[in-house]
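Bear in mind these aren't lab numbers, they're just calculated from the coordinates by the rules spelled out. Computed from a prediction, not measured in an experiment: that's the story for all the values here. Quick reminder, even Gly has a Cβ in these numbers, built from the backbone with ideal geometry, and neighbours come from all protein chains shown.
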Amino acid sequence: MARIYMAISIFVILVSIVAAGTVFFKVEYFAVYGNSHYTAEEIIRATGIAYDDNLFLMDKFRIIDKMMSEMIFLESVEIRRVLPGTLKITVSEVQIAGAIESNGEYWLCDQNGRLLEKQSTPPSNTTLIVGVTLDKPAAAKLIATEEREKQQPLLALLPALFESGLSSGVTKISLEKIYELTIWYGEGFEILLGKSDSLLDKCRRLSLLLPQLQSEGRTAARIDASGSSIHVLP
């Protein structure tokens, strides 16, 4: 008999805990961090969570999977419960590597060559990529070019610029001539990279040279980085 009473008591306690959680731990506030491309309202809406929803009855991992599949600019999502009633959503967004000009449109892409979004006008403060025509572009698709010989150089250059730290200063990339891959950096540095071999090494050496030139007060120069050494052209 004592065991029966004990089992009933445990059951009542568990039911009380669940009931208390259902009644008291409801979503009263949303706190969104790390967003720039998406507004806080868009992030909250994408969760599918509403005010007064229970904090403990939601499936965080299902919600995160849903957000990642629907919001292409998201790189990661973290959802945390902050008692008594706050849902904290922290996101990180992909960095835009450039805007590819193709057939009068501009496709944003990330450093891995994934297409993100189509725009009708060139975006500001974004590296402009010219000299290629995209082949059947679509969001979330990897860059494919009609001129197949230009695809590999572009896919190799984008991560090289990020890894070397040059990406934030590059204003334009030209693949007009496949053996004369050219980038523009800062206000007026025109840099000939030549062929697509050893791009990461070339970019790393440029990341040392360009700050040196800028420290000397130079804001423009033509630089030949196509060979085994870098030359500032007269």
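Quick notes on this one:
- Förster radius 30 Å - calculated FRET efficiency between Y29 and K141, Cβ distance, rounded to 0.05: 0.20
- Region 102-161 and region 27-85 have their alpha-carbon centroids 30 Å apart.
- Order of V94, V232 - criterion: other Cβ atoms within 10 Å of each residue's Cβ, fewest first: V232, V94
- Summed side-chain charge close to L57 - residues other than L57 whose Cβ falls under 14 Å, Lys, Arg +1, Asp, Glu -1: +1
- Volume of the convex hull of the chain (Cα atoms only), normalised per residue: 187 Å³.
- Degrees, to the nearest 10: 151-164 long Cα axis against longest axis of the chain: 70 degrees
- Between E41 and K66, the contour length at 0.36 nm per residue exceeds the Cα-Cα span by 7.4 nm.
- Nearest-0.05 FRET efficiency for R222 and Q95, computed from C-beta distance (R0 22 Å): 0.20
- Charged neighbours of M68, selected by a Cβ distance under 12 Å, balance to -3 (K, R count +1; D, E count -1).
- Only helices enter the 222 nm calculation for the chain: every DSSP H run of n ≥ 4 contributes -39,500 (n - 2.57), and dividing by all residues gives -10000 deg cm²/dmol, rounded to 500.
- Cα gyration tensor, region 29-147 - rounded (a/c under 1.5), prolate or oblate: prolate
- For K60, the aspartates and glutamates whose Cα comes closer than 12 Å to its Cα, not counting residues fewer than 8 places off in the same chain, are E78.
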